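Here's the structure, in structure tokens; my notes come after.
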Amino acid sequence: MTHGYNRLSYWWHEAGLEAALEQTPELPDTCDIAIVGAGFTGLWTAYYLAVEDPSLNIVVLEAETPGYGASGRNGGWCLGEVAGIEKQLMNPAHRPGALRLLRAIQQTVDEVGRVCDTENIDCHFQKGGSLTVATTAFQAERCQHHLQEQHRLGLDEDDIRWLDPQESRSRIDTTTNHGALFMPHCAALHPLRLVHGLVRCLRDRGVRIVECTPATAIEPGLVTTVRGELKCAITLRATEAYTDSIRGQRRKLIPVYSLMVATEPLDLKTWENLGLHNRETVAGAQRTVTYGQRTQDDRFAFGARGGYLYGSGVKRTFDAGDPGLLEVARIMHDLFPLLRDKAIDFAWGGMLGVQRNWQPSVTYDPETRIGSAGGYVGEGVAASNLAGRTLTDLVLKKNTAVSELPWIGASPRRWEPEPLRWLGYRVAEVAERQMAKSEMKHGRPSRMAGRVVDWFSG
Ligand SMILES: Cc1cc2nc3c(=O)[nH]c(=O)nc-3n(C[C@H](O)[C@H](O)[C@H](O)COP(=O)(O)OP(=O)(O)OC[C@H]3O[C@@H](n4cnc5c(N)ncnc54)[C@H](O)[C@@H]3O)c2cc1C
């Protein structure tokens, strides 16, 4: 067992590596279903398959240990949204399907809560909704425009509504507060405790999780690993940002970094002033992607999108002095001045998976009996549960509302070879920064920069 996992994130430090996880069973010769990757996608898929058909012989192969990837490092927003859904809602031909997907992901937040209750998974799940706070007049205008669009496209006040500056400030204290969007379909949770809870459920149901066993190739009926071969009827790939590690899968997804910090536990007086009394998750409405949550032990955990490394570079951990992490702390202090004199106890980063069309997908080919799910673009905590149920229905050939969702189908085209994808990412990053700057300075983003970002992110 590789040690040092407790340095991967605050969640790892808090929950640790449970004794029950410190077993690496032998690699079996055969199984019915091999799942590659023990993050949320792999674990939820194994969970629903085992519940639906307890007679199945399921093996989950994991390169490190469950929760090593994004699932043990993320912001813990269990969010009723799917990346890229707005684009589909805008297209009248795709709108009915997109609305079904949206309703399904909204209900998924409750489904995650239900399983946690039923299976006694103590992952600090609290459905307090989500706030997107406008700190400038222009951001407020943009949020309200977004709200009108969402209502025009089929959502209503129960899905997303506007809080005036006074109500917004009573929920969260930011530098300046011009109002906020409130979305009730979101819960805050401790992601690694959810991973560990699922692992326990799976082991109780006889699913074997084989750790420290990277798969190197997937073919019909066979998974090759560094420890030998596993024959299986069905193979499901759940490796998201790490998919390049499997032969033949290069450039299907790129790893994009997201970086986080967590403060010391804050006293109740500070929380009285700061807000988040229902553990609402919170984001700024500026262009940079940000996300924060009040943890069960009263820290503030906050993150922002990092970047992309040339050649889909993979970084295991980040040093506390990493410039990206310092920038995340700066953004947090800008937004929440009350936190400026609080110690930052933890800083870490992780990789999320992005497909070329910036949307997730679920695939299953009944001929080869190979499937996959991922590409959530940083919105995978709830989406991986829905993807797990989708894969389960496809594999078991069940016709349900979930097995008809429009994210099922072929993966999009692969990413461009280097140096093109690095250049593309860099240009879009610079354009994004330019938009943010001009928004701050002139109250309007630059149109040209906006076109570049749209071109890159589809
Ligand atoms: C810092 C950060 C913050 C985020 N915040 C949020 C958030 O607040 N809300 C949200 O919805 N989403 C968030 N995300 C995204 C979310 O965490 C991911 O979408 C989700 O965890 C993906 O789960 P997964 O199981 O598909 O992938 P992962 O959790 O990455 O799991 C993949 C697993 O596969 C294993 N693996 C890789 N290659 C192999 C191989 N060859 N053989 C065997 N095993 C292999 C890895 O070790 C890993 O354990 C965040 C991501 C990051 C990095």
Margin query: For a quick check of your reading: which strands (runs of 3 or more DSSP E) sit entirely within the stretch 69-167 and have at least 1 residues that are more than 16 Å from the ligand (Cβ to nearest atom), modelled with pLDDT of 95 or more and among the hydrophobic types (A, V, I, L, M, F, W, C)?
Written below: 130-133, 161-163
Check: Tell me, which residue of the stretch 280-305 that is of a type in the set (Gly, Ala, Ser) and part of a strand (DSSP E or B) is farthest from the chain's Cα centre (by Cα)?
Finding: 284
Next item on the list: Hey, can you tell me all the residues within the stretch 230-242 that are under 19 Å from residue 391 (Cα atoms), in contact with a Pro (Cβ under 9 Å, 6 or more places away or on another chain) and within 7 Å of the ligand (Cβ to nearest atom)?
Entry: 240, 241
Checklist line | Number of positions in the stretch 46-63 that are within 12 Å of the ligand (Cβ to nearest atom), more than 19 Å from the chain's Cα centre (by Cα) and assigned to a loop (DSSP other than H, G, I, E, B) | finding: 1
Notebook entry, point to check: If you go through the stretch 258-283, how many residues are open to solvent by less than 10 Å² (accessible area, probe 1.4 Å) and not hydrophobic (A, V, I, L, M, F, W, C)?
Noted result: 4
Check: Looking at this structure, is residue 308 crowded, with 19+ Cβ neighbours inside 10 Å and assigned to a strand (DSSP E or B)?
Finding: no
Checklist line | Matching option when the condition is under 21 Å from residue 37 (Cα atoms), in contact (Cβ under 8 Å) with a residue 40 or more places away in the chain and open to solvent by 50 Å² or more (accessible area, probe 1.4 Å), among 379, 404 | finding: 379
Next item on the list: Scan the stretch 150-170 for residues that are open to solvent by less than 40 Å² (accessible area, probe 1.4 Å) and more than 25 Å from the chain's Cα centre (by Cα) and jot them down.
Entry: 163, 168
Next item on the list: Those residues that are open to solvent by less than 50 Å² (accessible area, probe 1.4 Å) and in a loop (DSSP other than H, G, I, E, B), I need them from the stretch 226-247; list them, please.
Entry: 238, 239, 246
Next item on the list: Restricting attention to strands (runs of 3 or more DSSP E) lying wholly within the stretch 343-458, give those where 2 or more residues are farther than 24 Å from residue 312 by Cα.
Entry: 344-354, 361-365
Notebook entry, point to check: Taking the stated definitions as given, is residue 203 more than 12 Å from the ligand (Cβ to nearest atom), open to solvent by 30 Å² or more (accessible area, probe 1.4 Å) and assigned to a helix (DSSP H, G or I)?
Noted result: yes
Margin query: Based on this model, can you work out whether residue 358 counts as aromatic (Phe, Trp, Tyr), in contact (Cβ under 8 Å) with a residue 24 or more places away in the chain, within 23 Å of residue 244 (Cα to Cα) and more than 16 Å from the ligand (Cβ to nearest atom)?
Written below: no
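The values are calculated or read from the model by the stated rules, or taken from the named source; none is laboratory data. Everything quoted here is computed from the prediction, not taken from an experiment. Cβ coordinates were reconstructed from backbone atoms using ideal geometry, including for glycine residues, and neighbour counts include every protein chain displayed. Side chains included, ligands, DNA and RNA excluded: accessible areas come from the protein's heavy atoms. Shrake-Rupley method; radii C 1.70, N 1.55, O 1.52, S 1.80 Å.
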